[in-house]
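Report on the structure given below.
The values are calculated or read from the model by the stated rules, or taken from the named source; none is laboratory data. Remember, it's a predicted structure, so these values are computed and weren't measured experimentally. Methodologically, a virtual Cβ is constructed for each residue, glycine included, from the backbone with ideal geometry; neighbour enumeration extends over all protein chains shown. The protein model used for the area step is the full one, side chains on, heavy atoms only, and it has no ligands, DNA or RNA in it. Shrake-Rupley method; radii C 1.70, N 1.55, O 1.52, S 1.80 Å.
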Amino acid sequence: MKCDIELARVTRDMAIRDLTSQRLFVETDLHEAAAVDCDATQANYLVNVLRLKVGETVLVFNGRDGEWAADVAETAKRKCRLIVRTICRAQEAGPDTLYVFALLKRTRLETIVQKATELGAAQLQPVTTDHSQVDRVNLQRLRANVIEAAEQCGILRVPDIHPVMRLDHVLDQWELQRPLVFCDEGAEITSPIAALNAVSPGPVAVLIGPEGGFSPRERSRLLGMPSVVRLSLGPRIMRADTAGIAALALVNATVGDWR
C-alpha cells in the first residue's frame, strides 16, 4: 500500500482517511526518511500477528506531525524498523476541549477515555470527588486505551491525560476564560442547545460527576463559579459514561468543530 498524495490532501470540511490500512502511533518525530524503531509490543504485532514483510507499508502518526506512510525496512522476532516515506495527512488541531471526569470502575473508565478521544477532546482530567468510589487509576493503561482509539478511528490528535486530582484542587486552579459545562439535572434551562448557545466558540470544559452525583457542597461550589454553564441532558437519568458522551457531542455541535 502506497499513500496517494492527491487523495491525502485535507480540507477543513472533508478529510480523506485511509481506514483500511494498519495505523500505528509512535513517539518519534515524523519527516521524510525518518527511522522509527518499534517497541517490543508494536514489533510483535506487526511482525508476528500481522506478518508484515520488508517493503510493506503502514501508516504512522505521533499526534504532532500528521500521518505518514512508512515502509517496513527491517524485521526480527522482537524488532521492527520503519522508514518514513510520504505524508498522507497534515496534522489536525481539533477543538480545545478539556474533559473532566470522576473516576469510575475500570471497564467503564476505559470506555470514557476511548469515546472522549473519538469525540475530539484535547485534554483528559480524571478527578476524585466526595462521592467517588474509586480513587486510583492506571494512567498507562488509560494512555493505551486512548492510543488504541486513535489508531482505530483515523484520529491524528491524541489527548493529554493529566494525573488524578481532587475536584476541589482542579477548581482552585480554574482558568476563568474556559467555560465549565457542568451536567446538572436541576438546570433551569431545559434545552441543552439553548444553554450552550450562551458559550462562545473557543476553550471549553465538560465536567461529569461520579455515579452518586456531586455532593451538596461540591454542587454549591460549582454553581457559584462565574464561568459555569448548567447543562440538562433531558428527562432520563444517564450513567456517568453515557452522560459524558452526550455532553461532548452537544458541545461539539454547538461550540466545537461540528458546526
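Quick notes on this one:
- Of the trypsin sites (Lys or Arg not before Pro) found in region 122-203, those that fall in a DSSP loop while having at most 13 other beta-carbon atoms within 10 Å are ARG136.
- Carbon + sulfur, % of accessible area of the chain - ligands and nucleic acids excluded, 1.4 Å: 51 percent
- Secondary-structure-derived ellipticity at 222 nm for the chain, considering helices only, amounts to -7500 deg cm²/dmol, per-run term -39500 (n - 2.57) for DSSP H runs with n ≥ 4.
- Solvent-accessible area per residue for the chain (1.4 angstrom probe, square angstrom): 52 Å²
- Note on the chain: with charges restricted to the Cβ of Lys and Arg (+1) and Asp and Glu (-1), its dipole about the Cα centre is near 560 debye.
- Residue of ALA205, ALA76, ALA187 that the Gaussian network model of the chain assigns the largest fluctuation, springs spanning Cα pairs under 10 Å: ALA76
- Zero-based 10 Å bins, Cα pair distances in region 64-126, whole percents: 18, 29, 24, 27, 3
- Added length on full extension, which subtracts the Cα-Cα distance from 0.36 nm per residue, LEU50 to ASP160: 36.7 nm
- The heavy atoms of LYS53 offer some 130 square angstrom of accessible surface to a 1.4 angstrom probe.
- Global geometry of region 112-259, whether rounded, prolate or oblate, following the gyration tensor of its Cα atoms and the 1.5 cut on a/c: oblate
- Max mean-square fluctuation residue, GNM over the chain, Cα-Cα springs under 10 Å, options LEU233, LEU24, LEU50: LEU50
- Largest GNM mean-square fluctuation across GLN125, GLN91, GLN173, computed for the chain with C-alpha springs under 10 Å, falls on GLN173.
- The angle between the Cα long axis of helix 139-153 and the main principal axis of the chain comes to about 70°, on a 0 to 90 degree scale.
- Cα centroid separation, region 82-111 to region 181-206: 23 Å.
- Positive-end residue of ALA247, GLN173, GLY202, charge dipole of the chain with Cβ unit charges: ALA247
- Rh (Kirkwood; distinct C-alpha pairs) - the chain, Å: 19.8 Å
- Rounded to 10°, Cα long-axis angle of helix 106-118 versus longest principal axis of the chain: 70 degrees
- Leading residue at positive end of dipole, region 39-150 (Cβ point charges), from VAL60, PHE101, ALA90: VAL60
- Gyration tensor (alpha-carbon) shape descriptor, region 191-259, a/c threshold 1.5: oblate
- Candidate cross-link partners of LYS115 among the aspartates and glutamates, defined by an alpha-carbon separation under 17 Å and a same-chain spacing of 8 or more, comprise ASP96, GLU148, GLU151, ASP160, ASP241, ASP257.
- Within region 110-200: Cβ-based charge dipole about Cα centre, in debye rounded to nearest 20 (Lys, Arg +1; Asp, Glu -1): 320 debye
- For region 52-134, the Cβ-based charge dipole about the Cα centre amounts to some 480 debye (Lys, Arg positive; Asp, Glu negative; other atoms uncharged).
- Once the Cα-Cα distance is subtracted from the 0.36 nm per residue extended length, the ILE193 to TRP258 segment shows a gain of 22.1 nm.
- With respect to the chain, whose longest principal axis is taken over its alpha-carbon atoms, helix 240-254 is tilted by about 80°.
- In the chain, the DSSP beta bridges split such that about 40 percent are antiparallel, to the nearest 5.
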